[in-house]
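A short worksheet on the structure shown next.
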Amino acid sequence: MARSKTATRHIEIESLTTEQQFRDVVSLQKTIWGFDDIELMPVRFFVVATKVGGQVFGAYESGRMVAFCSAIPGLKPGGRAFLHSQMLGVLSEYRDFGVGRRLKLRQRDDAMARGIELIEWTFDPLEIKNAYFNIERLGAVVRRYVRNQYGTTTSHLHGSLPTDRCTAEWWVGTERVRGIVAGEPAEFPTIEARIAVPANIGELRRNEPKTAREIQNRISDEFEVAFSKGLTVVGLNRTPEEGTYLLANYPQEAQA
């Protein structure tokens, strides 16, 4: 296995508990996403999250916070507890160094130690690099798609498009996830459908928003049709030209 780029940096992951640490998280949100103040998660949100069974972790280099992630507890019908991972942000100069993965694995370790089997979060299916990370590097699967989940935001990263989102399900203790986290290739069931997204979607958001919106509408329809048939996203292939979601009939992870 290739040596992680994190080996070139001394990054420490810490559980966050103090008001100043939470203020640093708020500052990072503004830097990373460019939100207006009204859209920032405030200090009190992170205080409450840590008091009610949630998670707030920070990544530090030389005492400086360079990334963070947070989660809040949730309850499924029938009483199953899970964690909803609300935010994960990494400063641009620290991306591609494995910092985000280390934060997610810290989330997983903490969840497993508490007997929590599921962590969920939403992600933009147009962002192929992030989707690849979620599915191929962490082992999450996807069964749900929501149109305009958060409304139109002020973030430059969203490009004024509706915030259509997939929901990642990370069943942290399953054989699939254990293998993928350990670097073993996943075994795919028979692929029943494919949904392709062009690799230059970021450029299209900036320069051809009408085209980007047409692509978003097209994949929204395709995801909804696939999920209505009971299919699950189990993989993602990438080429320089596009990313392709791979969907299959796949059992509920809790029963795997």
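Indicate, rounded to the nearest 5 percent, the antiparallel portion of the DSSP beta bridges found entirely in the chain.
So the antiparallel bridges in the chain amount to around 95 percent.
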*asked:* Tell me which of V52, T174, A193 sits at the most positive position along the dipole axis of the chain, charges placed on C-beta atoms (Lys, Arg +1; Asp, Glu -1).
replied: V52
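Report the convex hull volume per residue for the range 182-256, counting only C-alpha atoms, in Å³.
On the way: hull volume 9.1 nm³, N = 75.
Once divided by residue count, the hull of the range 182-256 is 121 Å³.
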*Given the alpha-carbon gyration tensor of the chain, what are the semi-axes of its equivalent ellipsoid in whole angstrom, ordered largest first, with each equal to the square root of 5 times an eigenvalue?*
27, 23, 19
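Rounding to the nearest 20 debye, state how big the charge dipole of the chain is about its Cα centre with +1 on each Lys and Arg Cβ and -1 on each Asp and Glu Cβ. Can you show the working numbers first?
Values: 33 positive and 32 negative charges, 64 e Å.
In debye, rounded to 20, the chain gives about 300.
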_Dimensions in Å of the range 169-215 - Rg and Dmax from alpha carbons_ = 16.8, 43
*Where trypsin sites (Lys or Arg not before Pro) fall in DSSP loop in the range 57-159, at most 16 other Cβ within 10 Å*: R80, R95, R114, R147
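What percent does the relative contact order of the chain come to when contacts are Cα pairs within less than 8 Å and at least six residues apart?
Relative contact order here is 15 percent.
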*Lys and Arg at +1, Asp and Glu at -1: add these up for the other residues within a Cβ distance under 11 Å of R178 and post the number.*
0
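Rounding to the nearest 20 debye, state how big the charge dipole of the range 105-256 is about its Cα centre with +1 on each Lys and Arg Cβ and -1 on each Asp and Glu Cβ.
Working: 19 positive and 22 negative charges, 59 e Å.
Approximately 280 debye in magnitude.
Just to confirm the filter: which GluC sites (Glu not before Pro) across the range 162-254 are DSSP coil and have at most 12 other Cβ within 10 angstrom of their Cβ?
On the way: sites: E169, E175, E187, E192, E203, E214, E222, E224, E241, E242, E253; in loops: E187, E241.
Those satisfying the criteria are E187, E241.
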*What is the range 51-108 by shape, rounded, prolate or oblate, if you read a ≥ b ≥ c off the alpha carbon gyration tensor as root eigenvalues and call it rounded for a/c under 1.5, prolate for a/b larger than b/c, and oblate otherwise?*
prolate
*State the volume of the convex hull built on the alpha-carbon positions of the range 79-188, expressed per residue in Å³ and rounded to an integer.*
123 Å³
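Only the coordinates and a few stated rules stand behind these numbers; no lab work does. Being a predicted model, the structure only gives us computed values, none of them experimental. No Cβ is skipped: glycine too gets one built from the backbone with ideal geometry, and neighbour counts run over all protein chains shown.
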